[in-house]
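The values are calculated or read from the model by the stated rules, or taken from the named source; none is laboratory data. Not measured: the values here are computed from a predicted model. Glycine gets a Cβ as well: all are built from the backbone with ideal geometry, and neighbour counts include every protein chain shown.
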Amino acid sequence: MNGAKSLLLTLLNAGVDTCFTNPGTSEMHFVAALDESGMRAVLTLFEGVATGAADGYARMANKPAATLLHLGCGLGNGLANLHNARKAKVPIVNIIGDHATYHTQYDAQLQSDIETVARNVSTFVYTSKSTAELSRDAAEAFKTASGPPGQVATLILPADVSWGENGKPITEIIIEAPKPSSKDRTKSIAKLLKNGKKTAILLGGRVLLKDGLILSGKIAKLTGAKLFAEVFPTRMQRGEGLPPVERIAYLAEMATVQLKGYDQLILIDAKAPVSFFAYPGKKSYLVPDSCKVSELCALHEDALASLQALVEELGAGDTVPDLQSGFRPVLPEGKLTAEKSCQIIGALLPENVIISDEGQTSGVKLPINTSGAPPHDLLTLTGGAIGQGLPVAVGAAVACPDRKVLALQGDGSAMYTIQSLWTMKRENLDVVVIIFNNRSYAILNIELQRVGADKIGNKAKAQMDLSNPPIDFSSLAKGMGVEAVKVDTCEGFHDALKKAFSTKGPFLIDAIVPPQFEGFKLKALPHVLGLMEFLPTPLAKALKKKLAP
């Protein structure tokens with residue numbers, strides 16, 4: 001047995017049964033071993049699709065997928081979505097092919113320092129030295145990736161280690177189960193929740209699924225604490241029948257308003273909110289100065305078990321939490337806008353859908369319009385590196401073939417990983433793609449106004465303009481075999497989405513919409529945001545709710 005076969009069998013024995021690939025010459029022995037191994041191999045046409053798909057798979061399967069990438073250049077092409085995966089704390093095992101060990105001395109054209117590239121995003125980085133040790137190295141990569149928390153592990157596979165003989169797969173890999181936080185920590189947090197002070201609980205990571213939400217809802221109901229979620233959660237279950245949780249806003253000014261007036265903030269598998277970027281004269285750390293911050297558990301501890309222990313300590317086990325009631329938005333008519341698109345999505349959303357949301361500014365009204373929809377999963381842009389939405393949808397659909405996936409995608413960020421459509425068609429993945437085509441990097445237009453840049457001229461504006469030439473996403477999709485339609489009216493969008501939800505396989509809707517903020521609204525937005533901290537809290541919160549409910 002050669003090294004490649006022993007590596008694949010070790011991964012399979014560990015439960016890693018899916019590999020997203022973009023291979024080259026150095027990986028050919030791994031590729032050849034796929035037929036005998038039973039590993040599912042999903043070809044992608046760009047490394048960023050492979051890494052983003054592995055992220056989406058891990059979020060839904062709750063276990064690692066593997067990637068197969070070609071040398072340092074291939075890894076480099078996949079770094080942005082590995083960054084998002086690192087921030088999402090999901091498990092991924094990267095297999096990066098390398099030149100044969102004896103070939104590296106010649107500094108061939110594709111030679112590079114792969115370990116240095118990998119360290120940007122990986123907790124575990126190792127170059128396997130021999131075929132005999134390869135399976136052991138793979139087991140270590142798997143254990144590190146599995147966490148908790150989930151992590152990116154990168155195993156570098158020299159070609160001669162891959163083709164070398166006498167490989168021996170490892171048949172069993174034991175991972176020690178995480179423990180909950182200490183009893184003292186649980187008692188300390190319970191004491192805070194009973195002290196009568198105004199309290200917010202910020203949920204993240206592993207406690208935004210149904211079990212964690214129900215437990216958190218019990219605590220909120222008993223103690224009066226307010227439940228918040230991270231601005232970009234890895235995976236969040238929401239909709240009718242689940243406790244309502246308010247997400248922290250992306251815009252720092254709005255997040256500050258949300259947290260204003262709280263005396264204490266309790267973190268459960270989340271970090272204290274900070275501004276995405278620095279802005280002149282504005283705070284980076286968004287928790288009020290007078291607010292005490294406490295953590296229920298550390299990242300390596302079992303967050304759900306810690307939450308259960310807290311419920312028991314509080315005596316909240318029999319408490320009935322408040323649950324979101326069901327409702328559907330009224331169907332709008334006329335010219336299509338981003339807000340109307342979100343209303344139609346909320347009106348038609350089927351039960352158990354997985355939403356991969358990279359709608360950017362066009363999706364700002366999505367939360368309020370889907371809060372009362374049937375239960376669904378939400379996957380978001382955890383690391384802020386755009387081009388995640390379509391690949392994550394690919395991975396989610398591979399992990400959950402019995403569920404419909406809805407990918408909401410801005411037009412600019414869609415072009416980063418548009419090759420995802422080809423993989424969706426090749427694998428016949430049940431994904432509905434909605435491109436919010438406002439022909440603009442709209443989020444950057446907002447940021448250009450917010451940072452206080454000097455006079456904004458035509459050259460600056462041109463860097464955010466995608467209208468010349470306009471991108472025809474329906475033609476791009478059809479060119480890769482995906483059924484697609486272009487719409488610019490509410491009636492057309494409604495009919496297209498209804499058809500897409502009832503059709504098996506990939507379907508793209510090119511939704512032509514104006515930017516959510518443009519003209520006077522765009523120019524006024526920074527001033528409105530700047531005023532929020534000076535407004536009375538009720539008025540500021542009402543304004544925030546109107547802008548980004």
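A compact table of results
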quantity: So V320, is it in the same structural domain as K218 (by TED's automatic domain parsing) and among the hydrophobic types (A, V, I, L, M, F, W, C); calculated: no
quantity: Residue ID - surrounded by the most Cβ atoms within 10 Å (Cβ to Cβ), chosen from residues in region 393-421 that are closer than 27 Å to Q324 by Cα and touching a helix residue (DSSP H, G or I) at 6+ places or on another chain (Cβ under 7 Å); calculated: Q409
quantity: Which numbered condition D35 fails, given (1) acidic (D, E); (2) within 25 Å of K168 (Cα to Cα); (3) under 15 Å from the mean Cα position of the chain (by Cα); calculated: (3)
quantity: Residues located in region 104-122, provided they are surrounded by 12 or more Cβ atoms within 10 Å (Cβ to Cβ) and under 35 Å from the mean Cα position of the chain (by Cα); calculated: L110, Q111, S112, I114, E115, V117, A118, R119, N120, V121, S122
quantity: Region 268-297: number of residues that are farther than 28 Å from F534 by Cβ and of a type in the set (A, V, I, L, M, F, W, C); calculated: 4
quantity: Selection count where residues are buried (at least 24 other Cβ atoms within 10 Å of the Cβ), free of Cβ contacts under 8 Å to residues at least 60 places away in the same chain and under 18 Å from I418 (Cα atoms), scope region 48-103; calculated: 2
quantity: Any chance A309 is crowded, with 17+ Cβ neighbours inside 10 Å and assigned to a helix (DSSP H, G or I); calculated: yes
quantity: Any pair with Cβ under 9 angstrom, 6 or more apart, that starts in region 252-281 at a residue that is in contact (Cβ under 8 Å) with a residue 12 or more places away in the chain and within 25 Å of S181 (Cα to Cα) and ends at one that is part of a helix (DSSP H, G or I) and among the hydroxyl-bearing types (S, T, Y); calculated: I268/S216; I268/S306; D269/S306; P273/T256
quantity: Options N428, N445; residue that is at positive phi and not hydroxyl-bearing (S, T, Y); calculated: N428
quantity: Residue in region 331-388 that is farthest from V274 (Cα to Cα), counting only those that are out of contact with any strand residue (DSSP E or B) (no Cβ under 9 Å at 6 or more places or on another chain) and of a type in the set (D, E, K, R); calculated: K340
quantity: Enumeration of residues in region 14-65 that are more than 15 Å from I92 (Cβ to Cβ) and of a type in the set (F, W, Y); calculated: F30, F46
quantity: Any hit, region 428-451, residues being modelled with pLDDT of 95 or more, assigned by TED's automatic domain parsing to the domain that holds V364 and among the charged types (D, E, K, R); calculated: yes
quantity: Which numbered condition M1 misses (of (1) assigned to a loop (DSSP other than H, G, I, E, B); (2) under 19 Å from the mean Cα position of the chain (by Cα); (3) farther than 21 Å from G147 by Cα); calculated: (2)
quantity: Whichever residue in region 339-367 is charged (D, E, K, R) and touching a helix residue (DSSP H, G or I) at 6+ places or on another chain (Cβ under 8 Å) and, among such residues, is surrounded by the most Cβ atoms within 10 Å (Cβ to Cβ); calculated: E358
quantity: R450, sole failed condition from (1) crowded, with 16+ Cβ neighbours inside 10 Å; (2) over 23 Å from K340 (Cα atoms); (3) in contact with a strand residue (DSSP E or B) (Cβ under 8 Å, 6 or more places away or on another chain); (4) of a type outside the set (A, V, I, L, M, F, W, C); calculated: (3)
quantity: Filtered residue count, region 315-338, keeping only those that are out of contact with any Gly (no Cβ under 8 Å at 6 or more places or on another chain), surrounded by fewer than 19 Cβ atoms within 10 Å (Cβ to Cβ) and not in a strand (DSSP E or B); calculated: 9
quantity: Of residues in region 252-285 being part of a loop (DSSP other than H, G, I, E, B), among the aliphatic types (A, V, I, L, M) and surrounded by fewer than 21 Cβ atoms within 10 Å (Cβ to Cβ), the one modelled with the highest pLDDT; calculated: A272
quantity: Condition check for M464: more than 26 Å from G384 (Cβ to Cβ), crowded, with 17+ Cβ neighbours inside 10 Å and touching a residue at least 12 places away in the same chain (Cβ under 8 Å); calculated: no
quantity: Within region 146-227, helices (runs of 4 or more DSSP H) holding 1 or more residues that are basic (K, R), surrounded by 18 or more Cβ atoms within 10 Å (Cβ to Cβ) and in contact (Cβ under 8 Å) with a residue 24 or more places away in the chain; calculated: 183-193, 210-223
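One line per residue, one yes/no per condition, for (1) hydrophobic (A, V, I, L, M, F, W, C); (2) over 27 Å from E47 (Cβ atoms); (3) in a strand (DSSP E or B); (4) touching a Leu at 6+ places or on another chain (Cβ under 6 Å):
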residue: T417; (1), (2), (3), (4): no, no, no, yes
residue: L421; (1), (2), (3), (4): yes, no, no, no
residue: M424; (1), (2), (3), (4): yes, no, no, no
residue: L429; (1), (2), (3), (4): yes, no, no, no
residue: K455; (1), (2), (3), (4): no, yes, no, no
